[in-house]
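Just below is one structure, and these are the notes that go with it.
None of the figures in this text is laboratory data; all of them are computed from the coordinates on show. Model, not experiment: these values are computed from the prediction. All Cβ positions, even for glycine, are placed from backbone atoms using ideal geometry, and neighbour counts span all protein chains on display.
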Amino acid sequence: MADGMPMMHRSIATQGLRALLLFALLLILQGCDRAERIERIGGPTMGTVWQVQMAGLPAGSSVEQIQDDLEALLALVNRQMSTYIEDSDLSRFNQAEADTWQRIPPDFARVLASALRMADISDGAFDPTVGPLVNLWGFGPDGRRREPPAADVLAETRARVGWQQLETRDDGREIRQPGGLYLDLSAIAKGYAVDRLGEYLDARGVQAWLVDIGGDMRARGVKPDGSAWRVGVERPSSGARQIHSVVEPGDMAMATSGDYRNYFRDGGRQFSHTIDPRTAEPVDHQLASVTVIHPSCMEADGYATLITVLGHEEGLAFARERDLAVLLISRDGDGFREDMTEAFSAYLVQ
């Protein structure tokens, strides 16, 4: 028996070593499986849905924690810039007394600065103070309508619009309410939210991801099989959703603005949700959708709206002048006409 004891110890040690090796191998296999898997998370936000596909998560990452953190970021953007939340920072400014300065958070200031720059370079075709007209035409928190507003009401509301009325100080962290000014950043804030989610994923060390909020998206890296992320550009039709073309955006963002989902009809005319601040009325031309690819989704979102307001010819000239990657699709009889800049064609999947 004395001679047998060491043999028993060696057997236990061998079994323990084998167990450790098997456990280590299992961890390696699980890690490989995770590295080759695309994780998908998402949920509702901003009146639409958000979705994230991601791969190459660093060791120790929790998909559930990432989802919680992304939802917290989305809630932050909403609390700052939603016109549908009565006590958001933006709503508090809109409700503030005349001739008062309001301090705004950094994210709000960053988005507003971009919106004001776009207003400047477009001579007001893009205007973050267009909110009263958006509401009047039934496309804001005040609810829908089925007919155009009366001419006198339209003229009165139009007088409240004008980005030049907004004064800023302290590097944009303080803005002045002159009285009755109403900001609406919905044409750019959704793109900013996409950027914020992407920045978070980069900071967490996620190697590859595709963020999508209601069609505004941004990508990074490649899928586990080495292939590029591919994104469909929707055909601008109010019927069943169809793909018009497919692009590989690479490490870029993409946003589309169109008049074919959100509108009302009256007297045989279609009234788009995109308001031209210069005329105080919905855009009235044949341009059906604008898709922009840009390093920033906030910028892509804003440019898509801006070019939609300008219309096909003027919008195409604007994009080419600034070397923007833009696809424009307009109605042409029973079909569609498309034009794109050279910068956009480089992303098309042939």
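Using R₀ = 30 Å, calculate the FRET efficiency as 1/(1 + (r/R₀)^6) where r is the Cβ-Cβ separation of R322 and E248; round to 0.05. It comes out at approximately 0.85.
In the chain, the longest principal axis of the Cα atoms and the axis of helix 189-203 are about 20 degrees apart. For the chain, the longest principal axis of the Cα atoms and the long axis of helix 297-310 meet at an angle of about 30 degrees.
From the square roots a ≥ b ≥ c of the eigenvalues of the alpha-carbon gyration tensor of the stretch 202-350, which class results: rounded (a/c under 1.5), prolate (a/b over b/c), or oblate?
Details: a/c = 1.88, a/b = 1.79, b/c = 1.05.
Prolate shape, in that a/c is at least 1.5 and a/b is the bigger ratio.
Tell me the chymotrypsin sites (Phe, Trp or Tyr not before Pro) within the stretch 84-147 that lie in a loop according to DSSP and have at most 15 other beta-carbon atoms within 10 Å. Please list the in-between numbers first.
Values: sites: Y84, F93, W101, F108, F126, W137, F139; in loops: Y84, F126, W137, F139.
Passing sites in the stretch 84-147 are Y84.
Adding -39500 (n - 2.57) for every DSSP H run of four residues or longer, then dividing by how many residues the chain holds, sets the calculated 222 nm ellipticity at -12000 deg cm²/dmol.
What's the FRET efficiency of D123 with Q67 using the Cβ-Cβ distance as r and R₀ = 56 Å, to the nearest 0.05?
Numbers: r = 42 Å, r/R0 = 0.75.
Efficiency for this residue pair is about 0.85.
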